[in-house]
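**Student:** Pasting a structure here, questions to come.
Nothing in this text is a laboratory measurement; each read-out follows from the coordinates by a stated rule. Remember, predicted model here, so these are calculated numbers, not experimental data. For neighbour counting, all protein chains shown are included, and Cβ atoms are generated from backbone atoms with ideal geometry for every residue, glycine included.
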Amino acid sequence: MRLGKQLIGYLLVAGILALASCKGGHEGKPASKLPVAQVDVQEVVAETVISQIEVVGTVHAVEHASIAPKVSGQIIAMPVDLGSRVHKGDLLVKISAGEISAQLLQAQARVEQARRNLAREERLQKQGASTLETVKSLQEQARIAEAAHEEVKTRLEYATITAPFAGIVTRKIASIGDLASPGVALLELENEKALQVVAQVPERLILKVRKGDILPVSVPAAGVTLSGEVAEVSPAADPSSRTASVKINIAATAADLRPGQFARVTLTGSGEKSLTISEKAVLSFGQMERVFLVEDNIARLRLVRTGVRYDGQIEILAGLAPGDRIVVNGADKLQDGQPLDVKLQAVDGPVPLAPGKKEERP
């Protein structure tokens, strides 16, 4: 009985060893039998990397106006609709101003009367029947009447509102028949051909922004990335948000750009030490990322944790140290322990991190 149990144990051990030998044969060749691979190698160095920070903004028209009357009255004409394009000087709103028209007639009559009185008194002075003081008094009355006439005439001109610049009607508040009141907006006009991005920049970064600086601007909704020139920088920060307003002029080259769209502005942050390598050296394996180190011309697999990517470079957060040598080209065909024929590749200079590494929102 005991002999039978021993025999069964020997058979189980033999089976396990046989399975292990078969499994090992399927994993690959031993390191000593792997062919020599020719690879490019890069040395990992710590570089000063210029970080970039994004702030959010909104696209606005450089020229925009809220059209409001200076006189009250009923709207009798408004030949524009929402989205209408107008030229400078085109009629936008006409207001009924019968009362002002009557006042203008009265002012004209006073001017004519003052001029007649002045002319009569000047004739009498020449005949010695009037004094110089009387003539001067009538001259002053005539000038007062003329000034009152100009005032009423100007008020009547306010009843006709024209476009101050060429643009598009982006908001229409009133309609024909409505009562217009002084200072109450009737419509809004914007020039969509000249645009700018208004961004709120944190106070710790505002000192780095100067008028005339060129900054990258992107408008995701329009799929547009372009350069903008800083036109205005607020000299004071908002105490509630700790931000300052910056206006950046952009060229309206894309037909999809519209006032009110969301925009991102990239600012240059401070320099910091970081490890960056070529993204060709990093291999994805499920949710893990790995590289091949070179140790005594032998490939050694190493897991790494990466950061942002930019222009063919990738930031290494963990897994590598300065001075390590890694395989750049041909890593996807290597096996752990494979001998290498090394060709050293020059290390690229400092590169900026990817835009948007940190996003600032007011």
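**Student:** Over 18 Å between C-alpha atoms is what I'm after, so list which of Lys280/Lys333; Lys208/Lys273; Lys33/Lys333; Lys70/Lys153; Lys211/Lys273 land there.
**Tutor:** With Cα atoms farther than 18 Å apart: Lys208/Lys273; Lys211/Lys273.
**Student:** Using all alpha carbons of region 98-158, what is the percent of pairwise distances in each 10 Å bin, ordered from the shortest bin to the longest?
**Tutor:** Taking all Cα pairs of region 98-158, the binned fractions are 25, 38, 23, 12, 2 percent.
**Student:** Residues with amide H under 5 Å of Glu192's amide H, sequence separation 5 or more or different chain, H placed in the peptide plane at 1.01 Å from N; which?
**Tutor:** Under 5 Å from the amide H of Glu192 lie the amide H atoms of Ile168, each far enough along the sequence or on another chain.
**Student:** If amide hydrogens are placed 1.01 Å from N in the peptide plane, which non-local residues have theirs closer than 5 Å to the one on Gly228?
**Tutor:** The answer is Leu215, Val217.
**Student:** Taking the Cα centre of region 98-158 as origin, work out the dipole magnitude from +1 charges on Lys and Arg Cβ and -1 charges on Asp and Glu Cβ, in debye rounded to 20.
**Tutor:** Once rounded to the nearest 20, the dipole reads 280 debye.
**Student:** Which whole-Hz couplings ³J(HN,Hα) result when phi for each residue of region 218-224 is put into the Karplus expression 6.51 cos²θ - 1.76 cosθ + 1.60, θ = phi - 60°, listed in order with x for Gly and Pro?
**Tutor:** Here the 3J(HN,Hα) series is 10, 10, x, 5, 8, x, 10 Hz.
**Student:** Let me ask something else about it. Taking the mean number of other Cβ atoms within 10 Å as a proxy for protection, how do you rank 124-130, 136-142 from highest to lowest?
**Tutor:** 136-142, 124-130
**Student:** Here's another thing I want to ask about it. If you take the charge dipole of region 129-216 about its Cα centre, with +1 on Lys and Arg Cβ and -1 on Asp and Glu Cβ, which of Ile173, Val135, Tyr158 is farthest toward its positive end?
**Tutor:** Ile173
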